[in-house]
Amino acid sequence: MAETMRTRALRVFFGDTEAVKAVDLEIHSAAVTAIIGPSGCGKSALLRALNRMHDGVRGVRVVGRIYLGDREIHDGGMDPVLLRTQVGMVFQRPNPFPAMSIRQNVTFAPRRHGMVRKGEESNLLEQVLRKTALWDEVKDRLHHPAASLSSGQQQRLCMARALAVGPQVLLMDEPTAALDPTATQRIEALIYELKRDITIVIVTHNMQQAARVSDRTAFLDDGRLVESGETERLFTNPAEERTEAYITGRFG
Amino acid sequence: MITLCTGAFVMALLPLGWLLLEGVRVGGRHLSWDFLAAGAVLPGLGSWGSAVAGSAAVVGIAVALGVPLGVGTGVYVTEFGRGLLGRMARVVCEALAGLPSILAGIAAYGLIMTTLGRFSVPAAGAALTVILVPLVALRTMEALEAVPRDVREAALALGLGETTTVLQVVMPVALPQVVAGILLATGRIVGETAPLLVTVFVVGGGAVGPAATLPTHIYAHAVSPLPSWEGEAWAGALLLMAAVSTLHAVSALIRTRRPSPRSHRLPTGV
Amino acid sequence: MAGTVILGTVLIAGELWIGSLPVWREWGLAFLSGRDWNPAAGRFGALPFVAGTLVTSTLALAMALPVSLGMAFLLVGFTPRPMEGPLVFLMDLLAALPSVVFGLWGIFVLVPLVEFRLVPLLVASPLGALPLLGPAGSGFSLLTAGLVLALMMIPLTAALIREALAAVPRSQWEGALALGCTRWEALRHVVLAQAKVGVWVAVGVGFGRALGETMAVVMTIGNRPDLTFDLLQGGSTLTAVIAHEFPASTGEMHMASLVALGLILLILSFGFHGMGRLAILGMQRRILP
């Protein structure tokens, strides 16, 4: 199920500003890759290019190549809608669909994609809710509105919702920025569980989090990829001076 | 300074309250079932009951035509109309919302009365449709724009298409606001008088328009020289105000039941 | 869908143009400056109505704006929260009351009031020396029409100004208050400055509404096709003369002249709207989104 991704000379422009500058990034399969860097360094812009969330946004231009496995994601055969079923995303703020129940939030997309038959919906629902450790908390109120959950639960619901589509890669854009420490801890534990089956890319401004959950880390500064590699190596023995300055807290 | 503001407040509300009071006091005295059935019958224009029916027909046509058109335009402009057509449609809607309503009446008169002959209910319905569409479209745009961006992104990130995202994810969130907006817009056309005056009410050359409506009936009674008709005009006005208030109240109920994500308040206790 | 809306607007303008063609063929632009309106004699001119529309609308705006500002200030800055919701609802409702009801109230309450109480008071006061106030006529006058228009405009403009003020973020209030400003100073110098565009929008919308308002005017203005700036005399406006004479128009030229007045109103209204948009864009210093 898990797939690798890599970018070649990837640039993202917001109007005339170049937010991501010629980035070559390797994302290993069935592992967690963390993207760190000071705010405004382009890490979210990079992440959102990976499932073409910039498409159709006025003023944003993406240049360069991005591969999912062996396939270039801007190729004719790959439209953004199809791509996003393979490369899912979890956002900074929990964003369950407000007008839907917990159950509908999870089953809506698989049903639209024709991935699941009517009778199997409940199985899928239970499976992804168990994966995100929500099942026991919500199994008696699946028809309640998603907004009735706490924000930590909502974020796990958003993860379950993304998993229900069966993606090979899951992109997470500062998924714990809006959560309290307990809820953060639960999400991190989940990430650790999930990486057996799925490739995960997580953007975070929190270096401790990157060190805790990721196998590989990429350090971005001013749109450039300064350094990337094994997390442990990068944090203990950075090759670049700039990286060392950032992780020891001298800037950013 | 607060005194001055309060003064302004009272100065404005005093006559407005007086107006409401006059409606209830004088109108209430004349309002009865009997009044609807019979009332003073204007030559050729029928009873108050027929006026209510006429209003219902005219407003019904406008709602049936205008709501789908208005909602459709609103959805198109906010969600799909990134090109010139979408931007133009928005500008036109804004301009059209400020169109003097009597002009809608004249245009409908010219377009429909002269082509379909002297049948007035469709012309009046068309005139009110012209007024309703931009109002509904603008309310729909507002409601859709109030849906947070991350709801859309969530749907797109699941690989849902744009149409599915708009119709099945965004629209259900905006729906209460859209319905509330439709009710307000309907309240506005229920009381529109001027466009009806030049479509339904035309008495040109002795031929009499076949329908009476509530607002034109009020006007006809108000400007008549018979003093006894003043009370009846107020009774009609009371009916009209009741209809508009009801629509407003229901609209407010729908809006407050699910608070809009944009609702912001200022500190008052500081 | 969107195409239908644009097409409809073009149709309306086209219909007014075609309907008024006989007028433009006969008199051309001289129709605009014609001071004479006498359907029986076949003489038609637009000036009295254009003037009447501008005079009543301006008068109404001049009276409504200070009051609306005061109401909006009171609602935003000095009203306890539990009262705010109901008051806002009440104002929305008043803004939506059918104009024929305002006209009704105008005929039976305001006209006598103006004739027997307000006018004697005005004429006796120092204001009576103004050239705008001539000898007292009946209560059906430009002044009465302006008063009714102002009354209709107030809930609308006040609601719009309130919305503009309420949209200024709470942090701005707190910032000003933390500097030791009083609530009034915060409102006047910080909040109002930021809501400036919104206040102008309210003024524009109110004026636009007054330009196009028909019923309340036709019922109170006296419907006399004379060119006058004397507020105590009867007059007419573009909308009023159409409403008053269209249902019983005599002959082709009369009808075409009324439609021509409609076209003038359309151009005034759209032109005013467009100018307002440009002015707002200028104020925001940015290009069309």
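Here are the numbers for the structure shown:
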| quantity | calculated |
| --- | --- |
| Filtered residues of the stretch A:43-60 (kept if surrounded by 13 or more Cβ atoms within 10 Å (Cβ to Cβ) and in contact with a Phe, Trp or Tyr (Cβ under 7 Å, 6 or more places away or on another chain)) | A:V60 |
| Complete set of residues in the stretch C:17-61 that are aliphatic (A, V, I, L, M), touching a residue at least 60 places away in the same chain (Cβ under 8 Å) and part of a helix (DSSP H, G or I) | C:L21, C:V23, C:L32, C:A40, C:L47, C:V50, C:A51, C:V55, C:L59, C:A60, C:L61 |
| Among (1) more than 24 Å from C:S99 (Cβ to Cβ); (2) open to solvent by 60 Å² or more (accessible area, probe 1.4 Å) - the single one C:F140 does not satisfy | (1) |
| Residue under evaluation A:A183, criteria (1) at pLDDT below 90; (2) in a loop (DSSP other than H, G, I, E, B); (3) under 24 Å from A:F97 (Cα atoms), criterion not met | (2) |
| Qualifying residue in the stretch B:102-114 (condition: modelled with pLDDT under 85, within 7 Å of chain C (Cβ to nearest Cβ), open to solvent by 40 Å² or more (accessible area, probe 1.4 Å) and under 30 Å from C:I267 (Cα atoms)) | yes |
| Candidate set: the stretch C:165-201, residues that are at the interface with another protein chain (Cβ under 10 Å from one of its Cβ atoms) and β-branched (V, I, T); chosen: the one surrounded by the fewest Cβ atoms within 10 Å (Cβ to Cβ) | C:T182 |
| Selection count, the stretch A:186-209, where residues are under 13 Å from the mean Cα position of the chain (by Cα) and either assigned to a strand (DSSP E or B) or more than 20 Å from A:V87 (Cα to Cα) (or both) | 5 |
| Matching entry among C:R117, C:R162 (being of a type in the set (K, R) and either away from chain B (no Cβ under 11 Å) or open to solvent by less than 20 Å² (accessible area, probe 1.4 Å) (or both)) | C:R117 |
| Residues located in the stretch C:158-185, provided they are at pLDDT below 80 and assigned to a helix (DSSP H, G or I) | C:R170, C:S171, C:Q172, C:W173, C:E174, C:G175, C:A176, C:L177, C:A178, C:R183, C:W184, C:E185 |
| C:L87 free of Cβ contacts under 8 Å to residues at least 60 places away in the same chain, surrounded by fewer than 22 Cβ atoms within 10 Å (Cβ to Cβ) and closer than 26 Å to B:G181 by Cα | yes |
| Residue check, C:A51 open to solvent by 10 Å² or more (accessible area, probe 1.4 Å), in contact with a Ser or Thr (Cβ under 9 Å, 6 or more places away or on another chain), more than 9 Å from chain B (Cβ to nearest Cβ) and modelled with pLDDT of 90 or more | yes |
| Exclusive hit being modelled with pLDDT of 90 or more and either assigned to a helix (DSSP H, G or I) or out of contact with any Phe, Trp or Tyr (no Cβ under 7 Å at 6 or more places or on another chain) (or both), set B:A242, B:A233 | B:A242 |
| Contacts under 7 angstrom Cβ, first residue in the stretch B:83-101 being over 13 Å from C:G271 (Cα atoms) and open to solvent by 50 Å² or more (accessible area, probe 1.4 Å), partner in a helix (DSSP H, G or I) and not hydrophobic (A, V, I, L, M, F, W, C), 6 or more apart | B:L85/C:G3 |
| Any hit, the stretch A:124-131, residues being more than 30 Å from A:Q208 (Cα to Cα), touching a Lys or Arg at 6+ places or on another chain (Cβ under 9 Å) and at pLDDT 90 or above | yes |
| Test for B:L184: is it closer than 30 Å to B:T213 by Cα and either open to solvent by 10 Å² or more (accessible area, probe 1.4 Å) or part of a helix (DSSP H, G or I) (or both) | yes |
| 3 or more residues away from chain B (no Cβ under 14 Å): qualifying strands (runs of 3 or more DSSP E) within the stretch A:1-120 | A:5-14, A:17-23, A:32-36, A:60-68 |
| Selection from the stretch C:250-268 of residues that are of a type in the set (S, T, N, Q) and buried (at least 21 other Cβ atoms within 10 Å of the Cβ) | C:S257 |
| Residues (touching a Ser or Thr at 6+ places or on another chain (Cβ under 9 Å) and either without any contact (Cβ under 8 Å) to a residue 40 or more places away in the chain or open to solvent by 40 Å² or more (accessible area, probe 1.4 Å) (or both)) located in the stretch A:4-42 | A:T4, A:D24, A:E26, A:H28, A:S29, A:A30 |
| Breaking point among (1) at pLDDT below 85; (2) crowded, with 21+ Cβ neighbours inside 10 Å; (3) more than 14 Å from chain B (Cβ to nearest Cβ); (4) part of a helix (DSSP H, G or I), for C:A145 | (1) |
| Scan of the stretch C:241-261 for residues that are out of contact with any Phe, Trp or Tyr (no Cβ under 8 Å at 6 or more places or on another chain) and either within 16 Å of C:W27 (Cβ to Cβ) or more than 8 Å from chain B (Cβ to nearest Cβ) (or both), ordered by number | C:H244, C:E245, C:T250, C:G251, C:E252, C:A256, C:V259 |
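Matching residues to (1) in contact with a strand residue (DSSP E or B) (Cβ under 9 Å, 6 or more places away or on another chain); (2) of a type in the set (G, A, S); (3) closer than 18 Å to A:S29 by Cα:
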{"site": "A:R186", "(1), (2), (3)": "no, no, no"}
{"site": "A:A189", "(1), (2), (3)": "no, yes, no"}
{"site": "A:M207", "(1), (2), (3)": "yes, no, no"}
{"site": "A:T217", "(1), (2), (3)": "yes, no, yes"}
{"site": "A:Y246", "(1), (2), (3)": "yes, no, no"}
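The values are calculated or read from the model by the stated rules, or taken from the named source; none is laboratory data. Not measured: the values here are computed from a predicted model. Virtual Cβ from ideal backbone geometry, glycine too; neighbours counted across all protein chains shown. Surface accessibility is based on the protein's heavy atoms, side chains included, excluding ligands, DNA and RNA. Shrake-Rupley method; radii C 1.70, N 1.55, O 1.52, S 1.80 Å.
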